1. If residue 89 satisfies all but one of (1) in a helix (DSSP H, G or I); (2) surrounded by 13 or more Cβ atoms within 10 Å (Cβ to Cβ), what's the number of the condition it fails?
2. Name the helices (runs of 4 or more DSSP H) wholly within the stretch 109-224 that hold at least 2 residues that are more than 30 Å from residue 425 (Cα to Cα)?
3. Answer yes or no: is there a residue in the stretch 393-413 that is closer than 13 Å to residue 313 by Cα, in contact with a strand residue (DSSP E or B) (Cβ under 9 Å, 6 or more places away or on another chain) and either part of a loop (DSSP other than H, G, I, E, B) or not assigned by TED's automatic domain parsing to the domain that holds residue 297 (or both).
4. Which ones in the stretch 355-379 are modelled with pLDDT under 95, in a loop (DSSP other than H, G, I, E, B) and under 15 Å from residue 323 (Cα atoms)?
5. Has the stretch 30-39 got at least one residue that is touching a strand residue (DSSP E or B) at 6+ places or on another chain (Cβ under 9 Å) and either surrounded by 18 or more Cβ atoms within 10 Å (Cβ to Cβ) or assigned to a strand (DSSP E or B) (or both)?
6. Tell me which residues, restricted to the stretch 95-110, are at pLDDT below 95 and buried (at least 20 other Cβ atoms within 10 Å of the Cβ).
7. What tally of residues in the stretch 270-309 results from selecting those that are touching a strand residue (DSSP E or B) at 6+ places or on another chain (Cβ under 7 Å), assigned to a helix (DSSP H, G or I) and either modelled with pLDDT under 95 or crowded, with 23+ Cβ neighbours inside 10 Å (or both)?
8. Mind listing whichever residues of the stretch 46-71 are in a loop (DSSP other than H, G, I, E, B) and surrounded by 19 or more Cβ atoms within 10 Å (Cβ to Cβ)?
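The values are calculated or read from the model by the stated rules, or taken from the named source; none is laboratory data. If you're wondering where the values come from, they're calculated on a predicted model, not measured in any experiment. Because the Cβ atoms are built from the backbone with ideal geometry, glycine has one as well, and the counts that use them run over all protein chains shown.
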């Protein structure tokens, strides 16, 4: 009986000590400190490629350094640089079997200044035939890593024009050349000549590492995006004198969580798997930061990804709750719930399935490769009054509730970080 009392007393003291330690690191005051910096007016809305975005990246890097994180292998700082480009065709000459093609029947998606392609060039070719699933074929081509010409049957004339939008979007500077040609038949001979104006934008993610003790080649990722929408220039949309999209909830809140989790897990210093802490840029431009980041990993070595997006307001169920996108696609949610047993916090499946949030946030790239990568959020997507508005400011956030959400993420992830639980993989066949 005495032994039982001693054991129960030890458990009680351990739980109390654990609660004290986590509260000391993850608390309302620390949430507010970080949020105030990231969502301040002098960050100028953190638009990717702007001085405000760079200032935010420098702040996050300084917090990673204070936490004692390591940089990625071979890097001398926490900034993960990459380049995006925007292009505009200045001239083109497309000749198929000695017949010049109208520019309306040709689209180039390429980061190059000059393209000169003939049937002798080392390009893969893809045919989109009448009756094919046009968008399915095009989607596969966009994921290709080789220069490719796509011959599109004229039965798709009406939807072909949508490809023009692709050429106007940002592209990675290392993106392969993709050429789409609308034609009734694949030509025997062809010459495709394109000249483009190319504008480069230098971007950066912020990445810190906490090496695992016994399983260093198994990775658990905590992430959020730190970029936002910048400064409004349309006088009709400016609210009084306020023209800055501060993005306090979207997603300074998620970035705040990543910083605090980095400090917490470094203080524990008992992670068996390697933990990667990432703050992405260019989410608002199309998720390019997370796409670049994801390419640096073998997906088979990524055991789980906790992407944190907009946790600054109460969820649909009130305080001490959040939802997990793609909940049904792996058993990761069940593992998190098990680890929260005895707490007053609850994770729920995503209630906004029509919004396709699982495919729209920074978890998507790794999820499509089979990684149990999910986004944790509280945003009421059917009624979030400040989403993408000038009013998304720090005064609209519940700092105390944010701290509880971050604690819940820390506690619920413990067995995954320790390597005693490994979430099931996403069935990639279900994503096609």
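1. (1)
2. 157-160, 163-168
3. Scanning the stretch 393-413, I find at least one residue that is closer than 13 Å to residue 313 by Cα, in contact with a strand residue (DSSP E or B) (Cβ under 9 Å, 6 or more places away or on another chain) and either part of a loop (DSSP other than H, G, I, E, B) or not assigned by TED's automatic domain parsing to the domain that holds residue 297 (or both), so the answer is yes.
4. Those that are modelled with pLDDT under 95, in a loop (DSSP other than H, G, I, E, B) and under 15 Å from residue 323 (Cα atoms): 356, 361.
5. Yes - at least one qualifying residue is present in the stretch 30-39.
6. Correct list: 106, 107, 108, 109, 110.
7. Going through the stretch 270-309 one residue at a time, the tally reaches 5.
8. Within the stretch 46-71, 48, 49, 69 meet the criteria.
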